[in-house]
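To keep things clear, I will list the structure first and then write my remarks on it.
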Amino acid sequence: MNYTIKQIADITNAQIIGDEDLIIKNIAFDSRIIYSTKNTAFIAINTHKNSGEKFIESAIDRGINVIISEHHYSQFENITWVIVENSVDFLQNLAKYHFENSHLKSVGITGSNGKTILKEWLYQCIWNEFSTVKSPKSFNSQIGLPLSLLQINDSHEIGIFEVGVSKPNEMEKLANIFHPKIGLLTHIGTAHLANFESEEELIDQKVKLFKDSEVIIFNGDNLLVDKKIRKLYSSKKLISYGLKENNQVHFKNNISKDENVVVKYFDEEISFPVQQKDEATLTNALALITILKELNIENHKIVEKINTLKAVEMRLEAIEGIKNNIIINDSFNLDLDSLKTALQFLNEYNKPKKSLVLTDIVGVNSNSKELYEEVSELVNEQKFDSVFLIGKEISSFSELFKSKTFTFIDTKELIDSKHITELENQLILLKGARKFEIEKLKDILELRKHDTVLEINLNAILHNINYHKSLLKPTTKMMAMVKANSYGLGSYEISEFLQHHHIDYLGVAFADEGVELRKKGITTPIIVMNPEQHSYETIIEYNLEPEIYSFRVLELFYEAVQKSGYDKKYPIHIKLETGMHRLGFKGFELESLSETLANKNVKVQSIFSHLSSADMPNEKEFTLNQLETFDKNSGYLIEKLGYTPIRHILNSSGITSYTNYQYDMVRIGIGMLGESPNSEIQKQLRSVVSFKTVISQISKVENGESIGYSRKYKTDHITKIATIPVGYADGIPRLIGNQVGNVGINKTLAPIVGSICMDMMMINVDNVPNVKEGDTVTIFNSKPSLKEFADYCNTITYEVLTSISPRVKRIYIKD
Ligand SMILES: *Cc1c(COP(=O)(O)O)cnc(C)c1O
């Protein structure tokens, strides 16, 4: 987009306070991920859950001088304000005008699953054929779609946008602002179905998007979809695809057997090899081919493009590097949009210095001077310490870059120069086109090289938190329990991410865990559940808040407060005993407690208790008893105190089963890691942790031989045995050896055979298709799931996670 403030105000009926001639090209909605302040306005979006107005100040701090908001705050100087009646309506109206006045060919993708992957695939297939714009990430909501549409500019020929609805009547609004020429309806599944009367209503909603489309491409495996679309839109060009043969686009051969698949596209046949043969991938491939045909891409090119897709990993990974660096590796493709996304990602880390490795942008036909000017502007705003440019073309524009800039012909030259290995305590972004193979730099910069990793998906954590939040009142606070190294996943990394996403409180078990977080820059309030006597001074010094569970602790801690010279009311948290019989004040102690508190210079920040059996439906009566005791005892204490601290009692399963008792705050733990005892809730959560390794060796073992220590397993036929480099020292209990547990290889479960060794174990891979050395092995994630793995171990998911040895490398990823 490219409008003056005056134009924007005219289009949307808004008021201007300030300079109406300023030009706006971007609208930022999240003050933390502003990657550029030039020609950028910040919009404070108000929803029923949250107000963006509290972030206006931080946007201004970052250098923004145009604010779009429902309210004017006059304390900020030299700011131009666009005052709107309703922030969401504003965005939608502006986006509608902008879209309707653009000239591109638009593709609108909706459906329950596969929207983002299809959008990304399509983009990868066409971005060097046409000038293409797409929704970032999975921006497909009432706010995400308009923001995506506003990215359109005059040079774009094709736009690919996702449209998502989760509730009835949302599609009307989105279809009003966006009318795609080509409509794509992917799989209709059960996501969000609960919010609709029936599957039929969900379909009716989704297909509204296509009312002005010329072509509708849809998954015809669902007969109801097929029937509806053919009836409603009989006058349009309709193309169905799917695994069933009645679709106009389907597979001709037996895909499970043959190496190559043959796609029947009307009368034509297109054949290509595939690696992943799960139904979702194959169905998505059919959709992709159908759109590419619709965009007149020739068959041989389609095959070429599909072949390059398979190596794609759609995510940025942050890896611990040598010399205390953090490496952000995004070395699979490079274009302006993905550069912007990567720069946004950088802002989520607080390292004092950062450096960038950037290659030529290949395969774009646009004017290279303009292109690199834009690139350098984006890069210069980030104030990198050093910039390393790789490639002839980008190097010729090195004077555009304001940081210390070095140029290299290829990646090897940079590696040989040793510059890159001298960096220390920095955030290093690797961003390059695939042909430059800058992932080689990653190999050099990575700290420990292990094939065994514990991968933690931060976006999945956020999804799970938001799911739990959606069950609560908007005003209910949330504490995240990050005790025991965040259930083994990494205390600082998880806390930093949660702080970034405005968690209200963090909970640790011991003072030193809290100290570590403070030292690394975590400023969110932290409660210490187990304040040990020797740690009181540290607690005070690092501004941590203790759980007070007995008179002894209260007296001793208060003594420490007085000694420290702290002169305000120290925040403490009172733990009540309600049935768990672990720690806490009992009912009969409360009168005396209230008198003791009255004489002390402390502030009861919260009163809380803990449920022992919220995850057990058959202990409901007991739990309700606990809740009742808590209500009574906390009520009594509040009355005596004369002020009202925060109250909280629900843990993760409490949130889902006893929502009515949320009080002012809840404490989430295992739920944010994607685990729930309730199978319906479990379906709504995303798996967070993936423990994987690779096969070191495969041997053909003769009949009658024994495997491993003590000869616990003997082959009864020629058996294929894989050895993997994880053992009980990594946290795999020995008791799941000898065919108790399984691991996942190529989507197949394979039994552990023989006794588990300290650093290795052996797997029977007779039944695993196409198995080879170097293949990835899933200890747990999806197959087997964390829960299934915990079942092998005869324990609970919590213990599995906290038992994984610190020597296993943790990697944090974002989708
Ligand atoms: C660990 C813990 C929680 C979180 O429990 P989950 O079952 O993981 O949700 C909540 N409250 C207290 C006091 C805890 O110690």
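Only one of these is open to solvent by less than 10 Å² (accessible area, probe 1.4 Å) and farther than 16 Å from residue 105 by Cβ: 202, 232, 224. Name it.
Of the residues listed, the single one that is open to solvent by less than 10 Å² (accessible area, probe 1.4 Å) and farther than 16 Å from residue 105 by Cβ is 202.
Go through 109, 79 for me and flag whichever is over 21 Å from residue 142 (Cβ atoms) and in contact (Cβ under 8 Å) with a residue 40 or more places away in the chain.
Answer to the check: 79.
So residue 648 fits all but one of (1) within 14 Å of the ligand (Cβ to nearest atom); (2) open to solvent by 20 Å² or more (accessible area, probe 1.4 Å); what number is the exception?
Exception for residue 648: condition (2).
Mind listing just one residue for me: the one in the stretch 671-682 that is open to solvent by less than 10 Å² (accessible area, probe 1.4 Å) and within 10 Å of the ligand (Cβ to nearest atom) and, of those, nearest to residue 652 (Cα to Cα)?
671
Which ones in the stretch 75-95 are farther than 20 Å from residue 144 by Cβ and in contact with a Phe, Trp or Tyr (Cβ under 9 Å, 6 or more places away or on another chain)?
Selection gives 79, 81, 82.
Quick one: residue 560 ticks every box in (1) assigned to a helix (DSSP H, G or I); (2) touching a strand residue (DSSP E or B) at 6+ places or on another chain (Cβ under 8 Å); (3) open to solvent by less than 40 Å² (accessible area, probe 1.4 Å) except a single one, so which number is it?
Tallying (1) assigned to a helix (DSSP H, G or I); (2) touching a strand residue (DSSP E or B) at 6+ places or on another chain (Cβ under 8 Å); (3) open to solvent by less than 40 Å² (accessible area, probe 1.4 Å), residue 560 fails exactly one: (2).
For the stretch 183-267, list the strands (runs of 3 or more DSSP E) that sit wholly inside it and hold at least 1 residues that are more than 30 Å from residue 173 (Cβ to Cβ); which are they?
Qualifying strands (runs of 3 or more DSSP E): 249-251, 260-265.
If a residue has to be more than 12 Å from the ligand (Cβ to nearest atom), closer than 21 Å to residue 505 by Cβ and under 32 Å from the mean Cα position of the chain (by Cα) to count, how many in the stretch 594-618 make the cut?
The total comes to 1.
Against the condition within 30 Å of residue 454 (Cβ to Cβ) and either at pLDDT 80 or above or aromatic (Phe, Trp, Tyr) (or both), how does residue 327 come out, does it pass?
The answer is yes for residue 327.
Scan 384, 406, 388 and give me the residue that is over 20 Å from residue 337 (Cα atoms) and not in a helix (DSSP H, G or I).
Going through 384, 406, 388 in turn, the sole match is 406.
Do you know which residues across the stretch 772-815 are basic (Lys, Arg) and either assigned to a loop (DSSP other than H, G, I, E, B) or more than 16 Å from the ligand (Cβ to nearest atom) (or both)?
772, 783, 807, 809, 810, 814 - these are the residues of the stretch 772-815 that are basic (Lys, Arg) and either assigned to a loop (DSSP other than H, G, I, E, B) or more than 16 Å from the ligand (Cβ to nearest atom) (or both).
Restricting to the stretch 683-742, count the residues that are farther than 18 Å from residue 489 by Cα, of a type in the set (Gly, Ala, Ser) and either outside the structural domain of residue 781 (by TED's automatic domain parsing) or surrounded by fewer than 18 Cβ atoms within 10 Å (Cβ to Cβ) (or both).
Final tally of qualifying residues: 5.
If I filter the stretch 74-81 for residues that are surrounded by fewer than 21 Cβ atoms within 10 Å (Cβ to Cβ), within 27 Å of residue 178 (Cβ to Cβ) and touching a strand residue (DSSP E or B) at 6+ places or on another chain (Cβ under 8 Å), do I get at least one hit?
Scanning the stretch 74-81 turns up no residue that is surrounded by fewer than 21 Cβ atoms within 10 Å (Cβ to Cβ), within 27 Å of residue 178 (Cβ to Cβ) and touching a strand residue (DSSP E or B) at 6+ places or on another chain (Cβ under 8 Å).
Residue-wise test of (1) open to solvent by less than 20 Å² (accessible area, probe 1.4 Å); (2) in contact (Cβ under 8 Å) with a residue 60 or more places away in the chain; (3) farther than 20 Å from residue 666 by Cα; (4) acidic (Asp, Glu).
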{"position": "584", "(1), (2), (3), (4)": "yes, no, no, no"}
{"position": "589", "(1), (2), (3), (4)": "no, no, yes, yes"}
{"position": "594", "(1), (2), (3), (4)": "yes, no, yes, no"}
{"position": "618", "(1), (2), (3), (4)": "no, no, yes, no"}
{"position": "623", "(1), (2), (3), (4)": "yes, no, no, no"}
{"position": "652", "(1), (2), (3), (4)": "yes, yes, no, no"}
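Looking only at strands (runs of 3 or more DSSP E) that fall completely inside the stretch 45-162, which ones have 2 or more residues that are closer than 17 Å to residue 25 by Cα?
66-69, 80-83, 132-134
Of the conditions (1) hydrophobic (A, V, I, L, M, F, W, C); (2) surrounded by 18 or more Cβ atoms within 10 Å (Cβ to Cβ); (3) within 16 Å of the ligand (Cβ to nearest atom), residue 441 satisfies every one except a single condition; which number is it?
(3)
Looking at the stretch 458-545, what strands (runs of 3 or more DSSP E) fall wholly within it and have at least 1 residues that are within 16 Å of the ligand (Cβ to nearest atom), closer than 30 Å to residue 166 by Cβ and more than 16 Å from the chain's Cα centre (by Cα)?
Strands (runs of 3 or more DSSP E) meeting the threshold: 477-481, 505-508.
What are the pairs with Cβ atoms under 6 angstrom where one residue, in the stretch 12-35, is under 21 Å from residue 149 (Cα atoms) and the other, located anywhere, is assigned to a loop (DSSP other than H, G, I, E, B) and polar (S, T, N, Q)? Sequence gap at least six, or different chains.
Listed by first residue and then by second, the contacts come to 23/39; 24/39; 25/2; 25/39; 33/347.
The values are calculated or read from the model by the stated rules, or taken from the named source; none is laboratory data. Just so you know, these numbers come straight off a predicted model, no measurement behind them. Using ideal geometry, Cβ is built from the backbone for each residue, glycine included, and neighbour counts are taken over all protein chains shown. The area values use the complete protein model at the heavy-atom level, side chains included, leaving out ligands, DNA and RNA. Shrake-Rupley method; radii C 1.70, N 1.55, O 1.52, S 1.80 Å.
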